[in-house]
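Peer 1: My structure is below; once you've seen it, I'll send some questions.
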Amino acid sequence: MSDEQVGFDVINEVSVGDLTEVRQEMLPVAQNVKVRIDKASVETSKDKDLKSLKLELAIVDGIMVGDEMKFANKKVFPGFMDLCVWANPATKNSNWYKTKQHLLGFKQFCQALELDLKDVKINDEFCASLLGRELLINIIHEEETVADPNDLDQNGKPKRKKTGVLRERIKSFKKLVA
């Protein structure tokens with residue numbers, strides 16, 4: 001063994017200050033918020049078994065908070081499963097996938113934009129056709145959950161436990177009525 005000592009970097013002190021008032025900024029719960037689609041693409045899950053329409057939505061007019069409009073042009077993003085468009089039938093074989101329940105959010109999205117439901121194909125042209133389109137959404141607050149490996153259901157899968165942390169969630173897509 002050598003006589004060399006393992007050193008460490010000395011850093012300059014950083015005074016962060018009082019963190020007691022630091023809070024997560026969340027949009028308020030709101031219904032019928034007008035949004036514009038600014039970006040659209042397809043996202044694949046890490047295990048490659050699911051695909052979802054990935055959107056960046058911009059709040060058009062804002063949300064009334066008290067007696068003033070706030071959050072105009074703020075970006076919001078649907079969750080991965082909110083617009084799930086494909087599930088690998090070889091691995092996603094529960095009844096929920098077999099009965100196409102995973103497609104309900106995407107169907108609602110298509111209906112809100114008055115898209116033909118008979119033969120939907122998601123490609124570059126489809127994503128480009130969404131840009132600039134507007135629709136209405138509801139924003140809710142939902143408590144996050146995590147899988148608890150120490151608490152299994154009757155099928156041996158981990159049950160989900162609430163974490164106490166709230167997050168914004170887009171709950172529905174509705175047609176913009178002129």
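The values are calculated or read from the model by the stated rules, or taken from the named source; none is laboratory data. All values reported here derive from a predicted model rather than from experimental measurement. Please note: Cβ atoms are built from the backbone with ideal geometry, for glycine as well, and neighbour counts cover all protein chains shown.
Peer 1: Out of 106, 126, report the one residue that is under 19 Å from the mean Cα position of the chain (by Cα) and either without any contact (Cβ under 8 Å) to a residue 60 or more places away in the chain or more than 29 Å from residue 29 (Cβ to Cβ) (or both).
Peer 2: The unique qualifying residue is 106.
Peer 1: From the set of residues in segment 122-178 that are assigned to a loop (DSSP other than H, G, I, E, B) and at pLDDT 90 or above, which is surrounded by the most Cβ atoms within 10 Å (Cβ to Cβ)? Step through it out loud before you land on a result.
Peer 2: Taking segment 122-178 first, the residues assigned to a loop (DSSP other than H, G, I, E, B) are 122-123, 131-133, 153-157, 175-178.
Add one more test, that the residue is at pLDDT 90 or above, and what stays is 122-123, 131-133, 175-176.
Values: 122: 18, 123: 9, 131: 12, 132: 9, 133: 15, 175: 12, 176: 16.
Per the criteria, the residue is 122.
Peer 1: Can you work out which of the residues in segment 43-74 that are more than 12 Å from residue 33 (Cβ to Cβ) and among the small types (Gly, Ala, Ser) is farthest from the chain's Cα centre (by Cα)?
Peer 2: 66
Peer 1: Has segment 50-68 got at least one residue that is part of a loop (DSSP other than H, G, I, E, B) and in contact (Cβ under 8 Å) with a residue 24 or more places away in the chain? Reasoning before the result, please.
Peer 2: Taking segment 50-68 and keeping what is part of a loop (DSSP other than H, G, I, E, B), we get 60-62, 66-67.
Retained after the next criterion (residues that are in contact (Cβ under 8 Å) with a residue 24 or more places away in the chain): 60-61.
Checking segment 50-68: at least one residue is part of a loop (DSSP other than H, G, I, E, B) and in contact (Cβ under 8 Å) with a residue 24 or more places away in the chain.
Peer 1: Six or more apart or on different chains, Cβ atoms under 8 Å: show the pairs whose first residue is in segment 133-152 and free of Cβ contacts under 8 Å to residues at least 60 places away in the same chain and whose second is among the hydrophobic types (A, V, I, L, M, F, W, C) and surrounded by 12 or more Cβ atoms within 10 Å (Cβ to Cβ).
Peer 2: Partner pairs satisfying both residue conditions: 142/166; 143/166; 144/166.
Peer 1: Turning to a different aspect of this structure: What is the residue count in segment 100-121 for residues that are modelled with pLDDT of 95 or more and β-branched (Val, Ile, Thr)?
Peer 2: 0
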